[in-house]
1. Considering every residue within the range 27-41, establish whether at least one is closer than 23 Å to residue 219 by Cβ, surrounded by fewer than 16 Cβ atoms within 10 Å (Cβ to Cβ), touching a helix residue (DSSP H, G or I) at 6+ places or on another chain (Cβ under 7 Å) and at pLDDT 95 or above.
2. Considering only strands (runs of 3 or more DSSP E) fully contained in the range 50-128, which possess at least 3 residues that are in contact (Cβ under 8 Å) with a residue 40 or more places away in the chain and closer than 19 Å to residue 216 by Cα?
3. It is to be established whether one or more residues within the range 144-151 are out of contact with any strand residue (DSSP E or B) (no Cβ under 6 Å at 6 or more places or on another chain), closer than 30 Å to residue 29 by Cβ, in a loop (DSSP other than H, G, I, E, B) and free of Cβ contacts under 8 Å to residues at least 40 places away in the same chain.
4. Taking residue 70 as meeting all but one of (1) closer than 21 Å to residue 2 by Cβ; (2) at pLDDT 95 or above, write down the number of the exception.
5. Select from the range 18-45 the residues that are closer than 26 Å to residue 210 by Cβ and in contact (Cβ under 8 Å) with a residue 40 or more places away in the chain and list them in ascending order.
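The values are calculated or read from the model by the stated rules, or taken from the named source; none is laboratory data. Treat the numbers as computed from the prediction; the structure is a model and nothing was measured. Glycine gets a Cβ as well: all are built from the backbone with ideal geometry, and neighbour counts include every protein chain shown.
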């Protein structure tokens, strides 16, 4: 049911080995043959590449694995479920402008009820172009984030990341909701039931500076014992490869949730 890969680092890295392993999860090593996508930061902007074809067959993805150097990236391989329609609009990651920032988002799991909830929300900042519950969930998150950025009267008295953590737990109450998200500075990772992280640090031998990086993936991409599973409902916030925030959310039964 789809897989995620993300990276945040204090300096640009080439993730060829990890990305190639992840690419093979797109239809060869795992049953995710229905599209792939990757968003990576270059300077101050995100680049986005995606195709509605099996990742392991993609010449473009294979080429990007070897040539991409970035300090922030999010990648996805898709198993089409809701809806089972394979096209570009339904392929992750999704990208939107909100609150003066470029956001990217990719999801693993199923939360089909969010489609009806978000369709009736009159969201002024995000309108889905595809049919996936994932994109509807992304728009729902952005709508709640925008309440904080714009200081609307119905905004909750918390900062935007606290608000994001709260609504992530509410969306997760509708099914299964693991995601990676970024606004160009932070890597936001939410593990509802299936996500792992690998944190690394060390000194650069050329100038003795400290380097930090984190990899986040649905399943560990190698046999490194340091991969750690997310706690259920755990949201982790990284900047330049270092964790700067961690929140635990409480998922509720859908009958008690307060999504709107």
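1. Yes, some residue in the range 27-41 is closer than 23 Å to residue 219 by Cβ, surrounded by fewer than 16 Cβ atoms within 10 Å (Cβ to Cβ), touching a helix residue (DSSP H, G or I) at 6+ places or on another chain (Cβ under 7 Å) and at pLDDT 95 or above.
2. 69-77, 101-108
3. No: zero hits.
4. Against the list (1) closer than 21 Å to residue 2 by Cβ; (2) at pLDDT 95 or above, residue 70 comes up short only on (1).
5. Hits for the range 18-45 are 18, 19, 41, 44.
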